[in-house]
Amino acid sequence: MDTANLVQFKRIVEGYLLSCICIIGLIGNSITCLSILFNRTRRSSPTDTFILGLSFTSIFVIAGFLLTHGIRFVFPAYGEQLHRYLFIRVFPAHVTCILIQIYLTTAISIDRFVLICSWRTISYRKWRTSTRIIYIICAIAIFAILYCLPFWFEYIITDNNDIDLSTIGAHPLFRLLMRQYLYFIFIFLLPMSCIIICTLSIVRTLYKLTKNKAKSRSNHCRRKKHSRKVNTLLLSIMIIFLITQFPYFLYNVVYALQGPSLMENIRARQYLAINNLLSTINASTTFVLYALFGTKKTSSNSQNI
């Protein structure tokens, strides 16, 4: 009975709901990328370059969830066979894209923190160009690819067409390093602490700036309005990331401590299904936030705001 309820639960959450959000997210993030790529002024903006990188990565994150979860539970007849075929090929690439997404969000939070809270803001504005932001995005991608290389050897397809841990994946050293210590440091502790600290500092600084209203409103009204919208956009991305990803990180920490035996718990599998849905929502919200708070740039003078 519990197994039947779990199947029905996963079909609704990871099947229908997740697939609908994936389709919306794929269309939305594609529109966001095209709107930036076909606008010369936006292409030259460091902030829009970050958004472009995040939206582009989110397309692959969403596609990974759709291929490994959505289709599997919406069409159970052949979805399970497709899942077995795709899993060992898509899973490592999917994990790599998720890691890129995590560190891009971390880079955005640090970038906004330096712009708003740091005393070296002026010198950073001069250094901060779209070209250098592209270098940062490429460095994050290279780091994620190198970090996730071992995951390509974690699973195999057995003679019975089942997915199982490989000899490398089942090795105690692999489980200890990749699934516990390195995961906790590089995927949980480092990015989450940076995003939390930067977000709280930004909110605190903006609150102080709001209380101490500037004297010359008329001369800087348009720039302040633009800056507020950009800050709201990026803060929203960071806050939604924390809300949707923190439960997923907690689950992975517990999984790292208990191992695959955790999947025998039905509540844990339901919790994982909800976390997958939250991760899909996180990857799909950039388009909505960009549509709400993104600004139409009319001058290249505003590229560093």
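The values are calculated or read from the model by the stated rules, or taken from the named source; none is laboratory data. Note that the coordinates shown come from a computational prediction; the quantities given were computed from them, not determined experimentally. Reconstructed Cβ throughout: ideal geometry from the backbone, glycine too, with neighbour counts over all protein chains shown. Surface areas here come from the heavy atoms of the whole protein model, side chains and all, with no ligands, DNA or RNA. Shrake-Rupley method; radii C 1.70, N 1.55, O 1.52, S 1.80 Å.
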**Relative contact order [Cα under 8 Å, 6+ residues apart], segment 60-179, whole percent** = 23 percent
**Request:** Averaging over all projection directions, find the projected area of the Cα convex hull of segment 68-130 and quote it in nm² with one decimal place.
**Result:** 6.2 nm²
**Complete:** Scalar couplings 3J(HN,Hα) for segment 10-25 by Karplus 6.51 cos²θ - 1.76 cosθ + 1.60 (θ = phi - 60°), nearest whole Hz, x for Gly and Pro, are 5, 5, 6, 6, 8, x, 5, 5, 4, 5, 5, 5, 4, 5, 4, x
**Item:** Neighbour cut-off at most 15 other Cβ (10 Å), DSSP loop, chymotrypsin sites (Phe, Trp or Tyr not before Pro), segment 33-90
**Value:** 38
**Prompt:** How many percent of the alpha carbon pairs in segment 1-94 exceed a separation of 23 Å?
**Reply:** 38 percent
**Message:** Run the Debye formula on the Cα coordinates of the chain, all scatterers equal and no solvent, and tell me log10 I(q)/I(0) at q = 0.14 1/Å.
**Reply:** -1.09
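May I ask for the percentage of alpha-carbon pairs in segment 81-210 that lie more than 22 Å from each other?
Of all Cα-Cα distances in segment 81-210, 52 percent exceed 22 Å.
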**Fill in**
Within the set 55, 130, 284, GNM on the chain using Cα springs under 10 Å gives the largest fluctuation to 130
**Fill in**
With T = 20 °C, eta = 1.002 mPa s and Kirkwood Rh from C-alpha pairs, the Stokes-Einstein D of segment 1-44 in µm²/s is about 168 µm²/s
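In what order, largest first, do 126, 211, 229, 10 sit by accessible area if the probe radius is 1.4 Å? Write out the running numbers ahead of the final one.
Details: 126 160, 211 135, 229 65, 10 25 Å².
Heavy-atom accessible area, descending, gives 126, 211, 229, 10.
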**Fill in**
Count of lysine pairs, the chain, Cα-Cα under 13 Å, sep. 8 or more residues or interchain, comes to 6
**Asked** In nm, to one decimal, how far is the modelled label at residue 2 from the one at residue 152, with both set 7 Å along Cα→Cβ?
**Response** 3.9 nm
**Item:** With all protein chains modelled, accessible area of residue 248 [1.4 Å, Å²]
**Value:** 40 Å²
**Request:** Would you kindly derive the ³J(HN,Hα) couplings of segment 64-75 from the backbone phi angles with the Karplus curve 6.51 cos²θ - 1.76 cosθ + 1.60 (θ = phi - 60°), listing them in order in whole Hz, with x for Gly and Pro?
**Result:** x, 5, 5, 6, 8, 10, x, 4, 4, 9, 6, 10
**Prompt:** Given 0.36 nm per residue, what is the gain on full extension from residue 75 to residue 159 after removing their alpha carbon distance, in nm?
**Reply:** 27.8 nm
**Prompt:** Binning every alpha carbon pair distance of segment 21-145 at 10 Å from zero, what are the percents per bin?
**Reply:** 13, 34, 30, 15, 6, 1
**In sequence order, calculated HN-Hα J values of segment 264-278 (Karplus, 6.51, -1.76, 1.60; Hz; x Gly/Pro)** = 6, 7, 5, 4, 5, 6, 5, 4, 5, 4, 5, 5, 4, 5, 5
**Message:** Rounded to the nearest percent, how much of the accessible area of the chain (1.4 Å probe, protein heavy atoms only) is carbon and sulfur?
**Reply:** 67 percent
**Asked** Relative contact order of the chain: what whole-number percent is it, with Cα pairs under 8 angstrom and at least 6 residues apart?
**Response** 31 percent
**Message:** Could you identify which residue out of 32, 158, 106 has the top mean-square fluctuation in a GNM of the chain using Cα springs shorter than 10 Å?
**Reply:** 158
**Electrostatic dipole magnitude of the chain [Cβ: Lys, Arg +1; Asp, Glu -1; Cα centre; debye, to 20]** = 2660 debye
**Item:** In nm, spacing of pseudo-spin labels at residue 176 and residue 263 (7 Å Cα→C-beta vector)
**Value:** 2.3 nm
**Message:** Pick from 93, 170, 256 the residue whose mean-square fluctuation is largest in a GNM of the chain, springs joining Cα atoms under 10 Å.
**Reply:** 170
**Complete:** Note to self: with every protein chain in place and a 1.4 Å probe, the chain gives an accessible area per residue in Å² of 54 Å²
